[in-house]
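These notes concern the structure reproduced below.
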Amino acid sequence: MKSISLVIFIVIVFTFSFALAEDRYEVGYYTTQATLADLNNDGYIDLIQGHADEDFISVLLNKGDGTFAPQVTYQSDPATNRVTVADVDNDNYIDLIISHNESLMLSVFINKDNGTFKDKVQYDFINTIVSMKAADLNNDGWVDLV
């Protein structure tokens with residue numbers, strides 16, 4: 001007599017439900033262009049946020065754990081139009097270049113080598129800056145703005 005083996009597979013399905021933690025960061029109202037860059041050379045991407053109707057820009061440094069530190073604000077002119085980043089003083093730290101619609105000014109914030117910035121230096125413009133890029137166009141080792 002042959003014996004028959006019966007193997008029964010029991011499949012148990014586990015359902016896991018989880019929710020990702022939601023972090024919110026206050027940066028003001030009517031934000032304009034956001035730009036990402038490693039401002040303090042720690043290997044993590046930080047956030048720079050302009051504002052359409054406020055006279056400051058917001059910087060949020062990445063804490064390296066998937067969250068950002070609370071915003072640090074820097075006094076600027078109202079109506080930030082464009083936010084560009086570049087190392088304008090060749091110190092290997094990213095600086096901020098901000099254009100403004102209302103005042104027709106260009107503000108440059110020099111990095112203090114730690115992700116914080118000196119007071120703005122401003123330059124007058126005749127027209128509104130619609131687009132702005134930074135690159136060394138003439139190969140002299142210094143960043144140019146276009």
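Laboratory data are not the source of any read-out in this text; all were calculated from the coordinates shown. Given the structure is predicted, the values throughout are model-derived calculations rather than measurements. Here the Cβ positions follow ideal geometry from the backbone for every residue, glycine too, while neighbour counts run over all protein chains shown.
Observations
- Mean Cα-pair separation over length for segment 84-132, i.e. relative contact order, pairs under 8 Å, 6 or more apart, %: 30 percent
- Ordering 36-47, 94-105 by mean Cβ neighbour count within 10 Å, with the highest value first, yields 94-105, 36-47.
- Sequence-distant aspartates and glutamates (8 or more away, or on other chains) whose Cα lies within less than 17 Å of LYS63: GLU22, ASP23, GLU26, ASP38, ASP42, ASP46, ASP113
- Shape call, segment 38-145: gyration tensor on alpha carbons, a/c limit 1.5: oblate
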